[in-house]
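Bear in mind these aren't lab numbers, they're just calculated from the coordinates by the rules spelled out. Nothing here was measured: the structure is a model prediction, and the numbers come from that model. With ideal geometry, Cβ positions are generated from the backbone for all residues, glycine too; neighbour counts draw on all protein chains shown.
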Amino acid sequence: MVAIAIDGPAGAGKSTIARALAQELDYIYVDTGALYRAIGLYATAHEAQLDSPQQVGCLLPDIKLDLRQIEGIQHVFMNGYDVSEEIRQPEISMAASKVSALPEVRQFLFALQQNLAMENNVVMDGRDIGTVVLPAAQVKIFLTATPEERARRRYRELCEKGMQVDYDQLLAEVKQRDHNDATRAIAPLKQAADAVLVDTTEDTLEQAVQRIVQIVKEKLQDVL
Ligand code: DC
């Protein structure tokens, strides 16, 4: 099986790029952030303290997660319900960031992610895919962009969905989430030693997609 790991901070373009890449190569796209979001949603709905290993940990056995591809789009099912839309709410972004710092949560999701890569050719995006989940991935990309550009992208995305958002608040959230994700003790956001660093600040998403498809195809020629 072939695995392509795409890591980087929120808003660097990972999901758009990973999805396009998966389509181009006919691989399965796995958005691992959606799994952390689902747990953040469940813990929020159950009023658990999001940084409490006990409170969140004891909910985990009740959570059954399933990723299904419907017409080429990843849907997340939690206990039989499609939560793909709900997990995109801004407060769930922060909840996901908080629960993702818990070792119990990371361990819970580890096997699920590895099994997907054992059974399919995957383009998997997240924070620790190249470093922890799939350290033997044939191609690793670390995507980045400035916090301001990433907040602008998130702003446009949420406005297009008709949501009321404040740019300064989004920027503060981007920075807070970067800080949480990069400084947590377990599996922090960091570039794998053998990952290719791609800064998308100056690119449109289409340009970034083209650049990365090119890089990945060249790398795959070398390794396959
Ligand atoms: O990619 P995203 O914004 O949907 O991810 C939501 C949160 O989940 C993010 O703040 C950090 C966490 N996450 C993680 O810790 N490890 C991953 N592989 C993917 C996401």
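Based on the Kirkwood approach, the hydrodynamic radius assigned to region 52-113 is 12.7 Å, with every pair of different Cα atoms included.
Computed over region 144-224, the range of Cα coordinates on each principal axis works out to 46, 34, 19 Å, biggest value leading. Using 0.36 nm per residue and subtracting the Cα-Cα separation, the extra length available between residue 166 and residue 190 on full extension is 5.8 nm.
Per the Debye formula with a single identical scatterer at each Cα and no solvent contribution, what log10 I(q)/I(0) holds for region 11-76 at q = 0.11, 0.29 Å⁻¹? So the normalised log intensities work out to -0.35, -1.23. Straightening the chain between residue 71 and residue 207 buys 46.5 nm, computed as 0.36 nm per residue apart minus the Cα-Cα spacing. Cα extents for region 86-162 along the principal axes, largest to smallest and rounded to whole angstrom: 39, 27, 21.
What does the charge dipole of region 1-118 about its Cα centre add up to, to the nearest 20 debye, if the Cβ of each Lys and Arg holds +1 and the Cβ of each Asp and Glu holds -1? Present the calculation step by step, with values, prior to reporting the outcome.
Details: 8 positive and 14 negative charges, 40 e Å.
Computed charge dipole of region 1-118: roughly 200 debye.
Spin-label model, residue 23 to residue 118: label points 7 Å out along the Cα-to-beta-carbon direction sit 3.1 nm apart.
Taking a point 7 Å from the Cα of residue 183 along the Cα-to-Cβ direction, the residues of region 1-24 with backbone N closer than 18 Å to it are 9-10.
Cross-link partners for residue 161 among the lysines, with Cα-Cα distance under 28 Å and sequence neighbours closer than 8 places in the same chain left out: 14, 98, 175. Take the Cα radius of gyration of region 110-151 and divide it by 2.2 N^0.38 Å, N being the number of residues; the result is 1.36. Across region 206-218, computed HN-Hα scalar couplings (Karplus, 6.51 cos²θ - 1.76 cosθ + 1.60, θ = phi - 60°) run 4, 5, 4, 4, 4, 4, 6, 4, 4, 4, 5, 4, 5 Hz from first to last residue, x flagging Gly and Pro. Taking a ≥ b ≥ c as the square roots of the Cα gyration tensor eigenvalues, with a/c under 1.5 meaning rounded and otherwise prolate when a/b beats b/c, else oblate, which class fits region 122-187? Prolate is the answer for region 122-187, as a/c is 1.5 or above and a/b outweighs b/c.
Relative contact order for region 100-193: what percent, with Cα pairs under 8 Å and sequence separation of 6 or more? Across region 100-193, relative contact order equals 37 percent.
Charges were assigned to the Cβ only: +1 to each Lys and Arg, -1 to each Asp and Glu. The resulting dipole of the chain about its Cα centre is roughly 260 debye. Take every pair of alpha-carbon atoms less than 8 Å apart whose residues are at least six positions apart; their mean separation over the length of the chain yields a relative contact order of 33 percent. With an 8 Å Cα cut-off and a minimum separation of 6 or more residues, compute the relative contact order for region 63-145 in percent. Rounded, it is 12 percent for region 63-145. Over region 85-224, the fraction of Cα-Cα pairs per 5 Å bin, rounded to whole percents and listed from the shortest bin up, is 2, 8, 15, 19, 20, 18, 12, 5, 1, 0. By the count of neighbouring beta-carbon atoms within 10 Å, fewest first, 155, 81 end up ordered 81, 155.
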